[in-house]
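Take a look at the structure set out below.
The values are calculated or read from the model by the stated rules, or taken from the named source; none is laboratory data. Please read all numbers here as calculations on a predicted model, not as lab measurements. Here the Cβ is made from the backbone with ideal geometry for all residues, glycine too, and neighbour counts use every protein chain on show. Accessible surface is based on the protein model in full, side chains and every heavy atom, while ligands, DNA and RNA are left aside. Shrake-Rupley method; radii C 1.70, N 1.55, O 1.52, S 1.80 Å.
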Amino acid sequence: MTRKNDQVNATLDRIIGERRSHRKFTEKIPPDDMIERIIHAGLHAPFAASAIGNQDDYFRRFIVVRKDSKAMKELIPLVYSEVLTMRDNLAKKMKTNADLKNRAAPFMNRLDTIKSLGMVPGIGTAPFYIIVAEKRGFPPVELQSLAHCLENMWLKATALDLGFQIVSITAQMADNARFCSILGIETGNWALMGCATGYPAETLSPSIRPSLKEVTTWLE
Ligand SMILES: Cc1cc2nc3c(=O)[nH]c(=O)nc-3n(C[C@H](O)[C@H](O)[C@H](O)COP(=O)(O)O)c2cc1C
């Protein structure tokens, strides 16, 4: 390997190691240019070409919502009320399904926490809430494409020294007509994922994971 390659790889490994979930942000607002660089990284992530076919319309959209904006003020109660509905529906199903009761318990705890907080973390708590819309196709692999996109954005935000938080509840809003209308997209045609970004309010250690040996099998 050349010297240049060594440096490039060391930098990439460092960014991968430093990528963390930040959930507290300062009031300082990053310049729009940084947000555009994050979106550029997301746009260059792979997409499921054969699933969406060769449609004229573009396969991926980014909607940037600023903290305290008019749009943000509308989105906050909309998502919160969707969380409450989701919580109540899940609670009903859990009453009659013991297996679901076990499996969904941690998620239910999360929904209960959001309910008692009275707000959805990541929506209105960072300078920017970015929603990514990916065209629905067949087979339905748009959530996988969104995961690739968000990971690229996350790594880029890390390289820019910005904090980044996935706001996965955004996915549940894909069929909410009012939510889609605020975003300016047609309801039902897009899968959604969201993230929050801004300057991190705390320093986190690099990510901690098990050793490669514990999780890797090499077959002969
Ligand atoms: C599919 C997916 C959904 C996630 N949803 C959320 C979320 O809604 N809110 C949040 O704060 N973190 C969310 N996370 C972040 C994880 O909790 C986090 O990646 C994990 O705890 C490991 O921590 P790290 O990112 O700091 O390494 C999500 C991560 C993934 C992959």
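Numbers for the structure displayed
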{"item": "Any hit, segment 185-196, residues being more than 16 Å from the ligand (Cβ to nearest atom), modelled with pLDDT of 95 or more and of a type in the set (D, E, K, R)", "result": "yes"}
{"item": "Meets criteria (open to solvent by 60 Å² or more (accessible area, probe 1.4 Å), touching a residue at least 12 places away in the same chain (Cβ under 8 Å) and more than 19 Å from the chain's Cα centre (by Cα)) for GLU18", "result": "no"}
{"item": "Output for segment 114-157, where each listed residue is in a helix (DSSP H, G or I), open to solvent by less than 20 Å² (accessible area, probe 1.4 Å) and out of contact with any Ser or Thr (no Cβ under 7 Å at 6 or more places or on another chain)", "result": "ILE114, SER145, LEU146, CYS149, LEU150, MET153"}
{"item": "Enumeration of residues in segment 59-107 that are farther than 27 Å from GLY198 by Cβ and touching a residue at least 60 places away in the same chain (Cβ under 8 Å)", "result": "PHE59"}
{"item": "Within segment 1-113, helices (runs of 4 or more DSSP H) holding 2 or more residues that are within 16 Å of the ligand (Cβ to nearest atom) and more than 30 Å from ARG178 (Cβ to Cβ)", "result": "3-18"}
{"item": "In segment 2-33, residue farthest from THR197 (Cα to Cα) [restricted to those that are modelled with pLDDT of 95 or more and of a type in the set (Lys, Arg)]", "result": "ARG14"}
{"item": "Whichever residue in segment 34-77 is under 19 Å from the mean Cα position of the chain (by Cα) and at pLDDT below 95 and, among such residues, is surrounded by the most Cβ atoms within 10 Å (Cβ to Cβ)", "result": "PHE47"}
{"item": "Residues being near the ligand (Cβ under 10 Å from one of its atoms) and hydrophobic (A, V, I, L, M, F, W, C) - total across segment 124-170", "result": "9"}
{"item": "Some residue of segment 190-210 being over 30 Å from ARG14 (Cα atoms), part of a helix (DSSP H, G or I) and open to solvent by less than 40 Å² (accessible area, probe 1.4 Å)", "result": "no"}
{"item": "Failed condition for LEU117, given (1) out of contact with any helix residue (DSSP H, G or I) (no Cβ under 8 Å at 6 or more places or on another chain); (2) more than 15 Å from the ligand (Cβ to nearest atom); (3) farther than 19 Å from ARG20 by Cβ", "result": "(2)"}
